1. Here are some conditions: (1) modelled with pLDDT under 95; (2) surrounded by 22 or more Cβ atoms within 10 Å (Cβ to Cβ); (3) hydrophobic (A, V, I, L, M, F, W, C). A306 meets all but one. Which one does it not meet?
2. Being surrounded by 20 or more Cβ atoms within 10 Å (Cβ to Cβ), at pLDDT 95 or above and among the hydroxyl-bearing types (S, T, Y), is that true of even one residue in segment 253-264?
3. Please go through segment 192-221 and pick out each residue that is open to solvent by less than 20 Å² (accessible area, probe 1.4 Å), closer than 22 Å to N150 by Cβ and not aliphatic (A, V, I, L, M).
4. Given the conditions (1) in contact with a helix residue (DSSP H, G or I) (Cβ under 9 Å, 6 or more places away or on another chain); (2) exposed (fewer than 13 other Cβ atoms within 10 Å of the Cβ), and given that A66 satisfies all but one, which numbered condition is not satisfied?
5. Report whether or not P91 is more than 25 Å from I15 (Cβ to Cβ), open to solvent by 40 Å² or more (accessible area, probe 1.4 Å), modelled with pLDDT of 95 or more and not aliphatic (A, V, I, L, M).
6. State all residues of segment 181-209 that are in a strand (DSSP E or B) and either of a type in the set (S, T, Y) or out of contact with any strand residue (DSSP E or B) (no Cβ under 6 Å at 6 or more places or on another chain) (or both); if no residue qualifies, say none.
7. Please go through segment 167-180 and give me each residue that is open to solvent by less than 30 Å² (accessible area, probe 1.4 Å) and part of a strand (DSSP E or B), ordered by number.
8. Take the residues in segment 37-63 that are outside any loop (DSSP other than H, G, I, E, B) and open to solvent by 20 Å² or more (accessible area, probe 1.4 Å), then tell me which one is farthest from V25 (Cα to Cα).
Amino acid sequence: MRLAEIAEKIGGELIGGGDFDVRDVADFAGASPDSLSYAESERQLKEPTEAGALIVPSGIDPGRPAIRCENTKLGFARAIALLRPPKPFVPGIHPSAIIDEKAKVGSGVSVGPAASIGPEADIGNGCHIGAGARIGEGVNLGPDCIIHPNCVLYPGATLGARVVLHAGAIIASDGFGYVPDGSGGVVKFPQTGTVVIEDDVEIGACSVVDRASIGETRIKRGVKIDNLVQVAHNVTIGEGSLIASQTGISGSVTLGRGVIMGGRVGVADHVEIGDGAIFGAMSGISKSLEGGKIYLDAPAVEISEARRRMVVYSRLPEISRRLRNVEEKLEDTETC
């Protein structure tokens with residue numbers, strides 16, 4: 001693809017060499033003379049690369065054919081989508097797939113080997129159901145959803161348009177709810193609610209979204225959830241939020257719009273998080289917190305306080321030694 005065509009489609013400013021034929025994309029260090037890469041700073045441009053063309057920040061001339069973008073990584077992501085488009089799914093039902101006669105399957109749908117679709121399920125136009133996936137009774141899929149192999153959608157779940165579930169994701173399994181029975185045992189609190197996943201959500205491999213005990217668990221439009229994430233019953237995740245791997249969100253938590261959580265964040269039940277809050281990896285959230293701030297540590301606090309804590313943590317061995325010295329001196333004084 002010509003560099004000028006790429007520049008036009010990603011909304012960048014072309015710098016010379018518009019006829020340069022871009023054959024592929026590559027990382028900065030491993031690029032070849034016929035490939036396109038990107039640099040995030042002028043400092044990076046001082047490092048060696050054989051890329052024939054680059055996407056660079058505004059105001060920078062890399063001395064070779066280039067495209068200037070305000071956000072070079074975003075521009076490069078769009079270029080990758082142009083040069084490495086996903087392979088389209090071929091519509092059709094594999095002979096080994098099982099589709100209940102009461103299910104409704106739209107046009108242009110592909111269903112892979114050993115997949116199954118239960119009664120009263122409604123599969124929207126253009127959906128892809130991967131090998132071994134199970135679509136339970138009464139599940140509704142909006143158009144153009146991609147359900148990768150071995151996903152399980154329990155009965156009654158609802159997905160909007162263009163939802164992507166990666167391999168092994170589980171939607172609408174029972175939440176973890178038990179009530180002590182007063183005699184040392186527990187009684188399961190019935191999990192009779194559902195899960196609603198809105199448009200353009202992507203959920204990573206082996207992640208789980210539990211059904212509500214009563215009512216619904218809702219993942220709002222544009223949320224992106226990484227692999228190995230647990231979302232418990234009655235949780236609401238606000239639009240455009242980003243949840244990284246191994247995060248665990250307990251029951252009845254409400255996240256506002258645009259919340260970002262790094263890897264291995266833990267959230268206690270019934271917590272409310274405001275819009276735009278950001279949590280560093282391994283934060284522990286034990287209470288409701290305001291939006292628009294950056295948090296870190298366990299229990300999570302604003303990053304300025306977390307940094308002060310870290311200074312103290314790093315000095316603990318020294319503080320411990322000094323305390324022992326004081327204790328020894330006090331003991332000597334008492335002996336005298």
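1. Result: A306 passes all but (2).
2. no
3. The answer is G204, S207, D210, T217.
4. Going through (1) in contact with a helix residue (DSSP H, G or I) (Cβ under 9 Å, 6 or more places away or on another chain); (2) exposed (fewer than 13 other Cβ atoms within 10 Å of the Cβ) one by one, A66 breaks only (2).
5. On the way: more than 25 Å from I15 (Cβ to Cβ): yes; open to solvent by 40 Å² or more (accessible area, probe 1.4 Å): yes; modelled with pLDDT of 95 or more: yes; not aliphatic (A, V, I, L, M): yes.
So P91 fits the description; yes.
6. T194
7. I171, A172, S173
8. Filtering first and then ranking leaves K46.
The values are calculated or read from the model by the stated rules, or taken from the named source; none is laboratory data. All values derive from a computational prediction rather than experimental measurement. Cβ atoms come from the backbone with ideal geometry, glycine included; neighbour counts cover every protein chain shown. Ligands, DNA and RNA are excluded from the accessible area calculation, which covers all protein heavy atoms including side chains. Shrake-Rupley method; radii C 1.70, N 1.55, O 1.52, S 1.80 Å.
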